[in-house]
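Participant: There's a structure below that I have some questions on.
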Amino acid sequence: MRIALLGPPGSGKGTQAARICEAFKLVHMSSGDILRAEKISGSVNGRKIRDFMANGMLVPDDLMMSIMRERIIKLGDCGFVLDGFPRTIVQAEALNRMLFELQRPLMLVLNFVVDPTVLQRRFEGRRICPACLSVYHVDSNPPQTPGLCDNDQEPLITREDDRHDVVQKRIQTYQETMAPLVAFYAQMGNFKTVDASGAIPEVTKVVLEKMHRHFEG
Ligand code: AP5
């Protein structure tokens, strides 16, 4: 299975990608996690992307493609879930060409749609584990011990781009780029919309049902 998840910041792409990958034994390719790891590594790319991310802007397409291309090629025959990538028409077209050449085209694109009124609460309560990158929410998806990751007991942190002003910019950026991307995938087929406004288990149920129907007919 080769799947891509589209949707606004905070819509639950990362949360649902983790659950899809567990259910179907796929590799989770989160562009945000990959970029954050580049930043922490202090690599040349990491230094180039720092300001874009801190200000809620998209990393330029050519740089984004150079970061993702090599990682996608390395996946070989493994199934994967792309989370947060592609985000522009340029990225979508470049990804399409690359997957076509590799003879491993995308099989399904799920577009998460969320009632905007629920988004702010999701950002305010999000906590992540800096070690294993697990995502929690203080109310809707709390860890067993408050403030500590269930997997490795690391103290949870807040993402630096979850500050209110940066969140507003990220949502605006998404709104400016979303429509052409959705139109691009809608005309290619294999495109489904998911209402991601409900509770996490409800959304997972809908996603997995859509996937079973799509892949098993
Ligand atoms: P990225 O890390 O991809 O952020 P994003 O797309 O803005 O998405 P988020 O990670 O904020 O949200 P999500 O949809 O994954 O929600 P989550 O599951 O965490 O990108 C960060 C930055 O990197 C970008 O701003 C850009 O600068 C750069 N970048 C990344 N990709 C790029 C690209 N392709 N091109 C250029 N630049 C790129 O859930 C959110 C919270 O809500 C969590 O606390 C979770 O526990 C909770 N939650 C989830 N689902 C539910 C639910 N159903 N009900 C209640 N709570 C829920």
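Participant: Given labels modelled 7 Å from the Cα in the Cβ direction, how far is it in nm from Arg121 to Asp165?
Facilitator: Result: 2.7 nm between the two label points.
Participant: Hey, in the GNM for the chain with a 10 angstrom Cα cutoff, which one of Thr193, Thr145, Thr173 fluctuates hardest?
Facilitator: Thr145
Participant: Rounded to the nearest 500, what is the chain's calculated 222 nm mean residue ellipticity when only DSSP H runs of at least 4 contribute -39500 (n - 2.57) each, over all residues?
Facilitator: One gets -17000 deg cm²/dmol as the mean residue ellipticity at 222 nm.
Participant: Is there a pair in Lys169/Lys205; Lys25/Lys205; Lys48/Lys74; Lys13/Lys74 whose C-alpha atoms are over 20 Å apart, and which pairs would that be? Before the final figure, lay out the partial values.
Facilitator: Details: Lys169/Lys205 31 Å; Lys25/Lys205 17 Å; Lys48/Lys74 23 Å; Lys13/Lys74 22 Å.
In this structure, Lys169/Lys205; Lys48/Lys74; Lys13/Lys74 exceed 20 Å between Cα atoms.
Participant: Pulled fully out, how much extra length does the chain show between Met98 and Arg71, if you take 0.36 nm times their separation in residues and subtract their Cα-Cα distance?
Facilitator: On the way: separation 27, 0.36 × 27 = 9.72 nm, distance 1.20 nm.
Taking 0.36 nm per residue and subtracting the Cα distance, the gain is 8.5 nm.
Participant: How many percent of the alpha carbon pairs in the chain exceed a separation of 23 Å?
Facilitator: 46 percent
Participant: While we're on this one: Gap in Å between the Cα centre of segment 10-41 and the Cα centre of segment 106-157?
Facilitator: Between the Cα centres of segment 106-157 and segment 10-41 lies a distance of 11 Å.
Participant: Answer with one residue from Leu119, Val138, Val182: the one whose Cα lies farthest towards the positive end of the charge dipole of segment 119-217, charges on Cβ with Lys, Arg +1 and Asp, Glu -1.
Facilitator: Val182
Participant: Please state the charge dipole magnitude for segment 2-216, taken about the Cα centre, from unit charges on C-beta atoms (+1 on K and R, -1 on D and E), reported in debye and rounded to the nearest 20. Don't jump to the answer; show the numbers that get you there.
Facilitator: Numbers: 27 positive and 26 negative charges, 50 e Å.
Result for segment 2-216 is approximately 240 debye, rounded to the nearest 20.
Participant: In nm, to one decimal, how far is the Gln144 label point from the Thr193 one, both placed 7 Å along Cα→Cβ?
Facilitator: Once both label points are built, they end up 4.0 nm from each other.
Participant: Rounded to the nearest 5, what % of the DSSP beta bridges within segment 2-216 are antiparallel ones?
Facilitator: Values: 6 of 23 bridges.
Expressed as a percentage, antiparallel bridges in segment 2-216 total about 25.
Each value in this text was obtained by applying a stated rule to the coordinates, not by laboratory testing. Values in this document were obtained by computation on a predicted structure and should not be read as measured data. Please note: Cβ atoms are built from the backbone with ideal geometry, for glycine as well, and neighbour counts cover all protein chains shown.
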